[in-house]
Amino acid sequence: VVEGYMDAISLYAAGIKNVVAVMGTAFTPEHAKLLKRYTLNVKMLLDGDEAGINGAERSLPVLLEAGMMPRGYVLPDKMDPDDFVKQNGVEALRKEIDRAPELFTLLLTKRWMSSYHGLPSEKVQVVEEAAHALKAMPNRQLMDLYILEMSRQLDIDMPWIRRALAQ
């Protein structure tokens with residue numbers, strides 16, 4: 001999933017055929033429902049700018065609520081997919097897409113913990129931001145693993161995170 005139709009056209013022309021564009025709108029439950037007909041495994045290819053990471057943050061709760069397994073890759077240095085392919089080639093992009101982390105983990109490390117220094121107030125803030133993505137998630141096993149990931153990253157125990165999420 002890419003941001004715009006030019007991104008989709010560029011990738012298709014480069015040989016990446018399974019590509020769709022959000023077209024500048026927010027990713028909706030209807031989008032997720034359509035994609036779910038074909039796969040549960042969605043990879044978001046995000047422009048390397050603030051808008052790209054913002055779009056990922058808005059898309060994550062929708063994808064998780066639909067029961068999907070989203071992964072994401074943020075392109076470097078304010079690049080879009082066409083720039084990346086022209087500079088590095090389509091095979092380099094395929095490799096990056098293939099090893100893309102889970103979208104939750106990407107947002108945890110690159111967004112919610114971007115200015116994290118270990119302060120208690122920062123831990124609360126990170127859990128509150130993650131709670132928005134996790135609140136309607138039907139896959140409790142995956143949610144437990146995301147909670148475990150947060151527990152490790154934030155150095156707090158899982159029961160505390162569960163209580164915080166329940167609030």
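The values are calculated or read from the model by the stated rules, or taken from the named source; none is laboratory data. Just so we're clear, the structure is a prediction, and the values are computed from it rather than from any experiment. Cβ coordinates were reconstructed from backbone atoms using ideal geometry, including for glycine residues, and neighbour counts include every protein chain displayed. The protein model used for the area step is the full one, side chains on, heavy atoms only, and it has no ligands, DNA or RNA in it. Shrake-Rupley method; radii C 1.70, N 1.55, O 1.52, S 1.80 Å.
Observations on the structure shown:
- Legend: residue pairs K78/K110; K43/K135; K78/K123, Cα-Cα distance threshold 19 Å; pairs beyond threshold, K43/K135; K78/K123.
- For a label point 7 Å along the Cα-to-beta-carbon line of D49, residues of region 84-109 with backbone N under 18 Å: 84-87
- When Rg and the Kirkwood radius Rh are both evaluated on Cα atoms of region 45-102, their ratio Rg/Rh stands at 1.01.
- Dividing the summed helix terms, -39500 (n - 2.57) for each DSSP H run of n ≥ 4, by the number of residues in the chain produces a 222 nm estimate of -17000 deg cm²/dmol to the nearest 500.
- Heavy-atom surface analysis with a 1.4 Å probe gives the chain a carbon and sulfur content of 53 percent of its accessible area.
- When region 1-60 is reduced to its Cα atoms, the Kirkwood hydrodynamic radius in Å: 11.9
- Cross-link partners of K86 among aspartates and glutamates, defined as those whose alpha carbon lies under 19 angstrom from its own and excluding same-chain residues fewer than eight positions apart: E3, D7, D47, D49, D77, E96, D98.
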